[in-house]
Every structure is written in C-alpha cells, then in structure tokens.
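Following: one structure in structure tokens, then a few remarks.
The values are calculated or read from the model by the stated rules, or taken from the named source; none is laboratory data. It should be emphasised that the depicted structure is a prediction, and the values quoted were computed from it without experimental measurement. Methodologically, a virtual Cβ is constructed for each residue, glycine included, from the backbone with ideal geometry; neighbour enumeration extends over all protein chains shown.
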Amino acid sequence: MEAPLQQRVVGAIVLVTLGVIFIPALLDGSGYKSRKVQDIEIKEKPEFSPLIQKKVTPIPTPLQDNKKEQAEAQKADPRQAHKKPIKTFALQVGTFASNENAEKMRDKMRKAGYTAFVHKSVAKGKTSYKVRIGPEVERSVLEKVKKNVKKAQKIDSYIVNHP
C-alpha cells in the first residue's frame, strides 16, 4: 500500500471510531426531559408587616431657597437696595476726561480679547470716563488679567470694586 492511501484509510478509521463513540452520547434522548412541559407552582401572596410612616423634615434645595428669596424680593420695596449685594470686581485700565478717548481705549481692549466697558463718574463737579475690564466675582481672575494686560499692552492697572 502506498503512503497517501494508507493515510486516508487511517483517517477514515479514526473518523468512524469517533462517530461510534460520540454520536450515541449526543442522541441518547437526554434533551427530551428538558423539552417536556413542567408544572410551575406559585406560592400564595406573601404577607408583609405594615409600614410605619415616619415624618421627616424636608431638606431645602437650592431651587427652593431661590424661590424663597424671590418671594421675599417681590414683597420688598423695589426702590430699596438688596440686603446682600453681590460683591464684584473690575480692572481699571484708564481714566479719561473725554468719552471719545475712553471709547477708543475700550475698543482697543475689546480687540485684544477683553470684556471692556466705560464707566462714567462725577466727582467734585468733574466728569471722568473710566475704562474697565470685567466685572468678575473672583478677584484672583482679575489678578491674572492684570498681569496679562501689563505684559501685552504695557498698561498699569488696578482692581476696583464694581459697580
């Protein structure tokens, strides 16, 4: 017998042997039990002890606090100042006697990317126009802006309370 024919015969014998061993195991009918309809028993409704209601004081949420403040604000006289004003800051970069010069400086700051505005003030009968950047709630933010303005624009500035 030649080698390729001998290999084919050995392979056929191995396949037949494996078939004889495993096919009966697969077709022994064990799957019949799993397909059989099974009766399911459901127990009666379980009984639970009654719940005890405890009264808990509600915790106010920020939204509820805000509603309370709005209700108080509606009751209060609108001509009076708010009890707790918000403290904000601005960075003053220039003071001018004419509005035109102040607006030029404001436009220059805006082109540089800052939120700038002109604040008109009257002191001792003299009107001045102050160019400011901001306002910001955090003073530390304006400290950084102040350094940037000093470096990029070569302008000395200082932080003031706003408004």
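Looking at (1) of a type in the set (Asp, Glu); (2) surrounded by 11 or more Cβ atoms within 10 Å (Cβ to Cβ); (3) modelled with pLDDT of 65 or more, which is the one condition that is false for GLU69?
The one condition GLU69 does not meet is (3).
Within the group LYS120, LYS124, LYS87, LYS83, which residue is in contact with a helix residue (DSSP H, G or I) (Cβ under 8 Å, 6 or more places away or on another chain) and either more than 20 Å from GLN153 (Cα to Cα) or modelled with pLDDT under 85 (or both)? Please lay out each step first, then the result.
Values: LYS124 fails: in contact with a helix residue (DSSP H, G or I) (Cβ under 8 Å, 6 or more places away or on another chain); LYS87 fails: in contact with a helix residue (DSSP H, G or I) (Cβ under 8 Å, 6 or more places away or on another chain); LYS83 fails: in contact with a helix residue (DSSP H, G or I) (Cβ under 8 Å, 6 or more places away or on another chain).
Being in contact with a helix residue (DSSP H, G or I) (Cβ under 8 Å, 6 or more places away or on another chain) and either more than 20 Å from GLN153 (Cα to Cα) or modelled with pLDDT under 85 (or both) holds for just one of LYS120, LYS124, LYS87, LYS83, which is LYS120.
In this structure, is PRO4 more than 30 Å from THR127 (Cα to Cα), more than 34 Å from the chain's Cα centre (by Cα), at pLDDT below 80 and part of a helix (DSSP H, G or I)?
Numbers: more than 30 Å from THR127 (Cα to Cα): yes; more than 34 Å from the chain's Cα centre (by Cα): yes; at pLDDT below 80: no; part of a helix (DSSP H, G or I): yes.
Taking the combined requirement at face value, the residue does not satisfy it.
What number goes with the only condition from (1) at pLDDT below 85; (2) among the hydroxyl-bearing types (Ser, Thr, Tyr); (3) surrounded by 19 or more Cβ atoms within 10 Å (Cβ to Cβ) that TYR129 does not pass?
(1)
Mind checking whether some residue in the range 136-147 is crowded, with 16+ Cβ neighbours inside 10 Å, at pLDDT below 85, not aliphatic (A, V, I, L, M) and not in a helix (DSSP H, G or I)?
Yes: the range 136-147 contains one or more residues that are crowded, with 16+ Cβ neighbours inside 10 Å, at pLDDT below 85, not aliphatic (A, V, I, L, M) and not in a helix (DSSP H, G or I).
Which condition does GLY113 not pass, out of (1) part of a loop (DSSP other than H, G, I, E, B); (2) crowded, with 16+ Cβ neighbours inside 10 Å, if it passes all the others?
(2)
Any residue in the range 126-139 that is in contact (Cβ under 8 Å) with a residue 12 or more places away in the chain and more than 15 Å from TYR114 (Cβ to Cβ) sitting within a Cβ distance under 8 Å of a residue that is β-branched (Val, Ile, Thr) and part of a strand (DSSP E or B)? List the pairs, counting only those 6 or more apart or interchain.
SER128/THR95; SER128/VAL122; TYR129/THR95; TYR129/VAL118; VAL137/THR88; ARG139/ILE159
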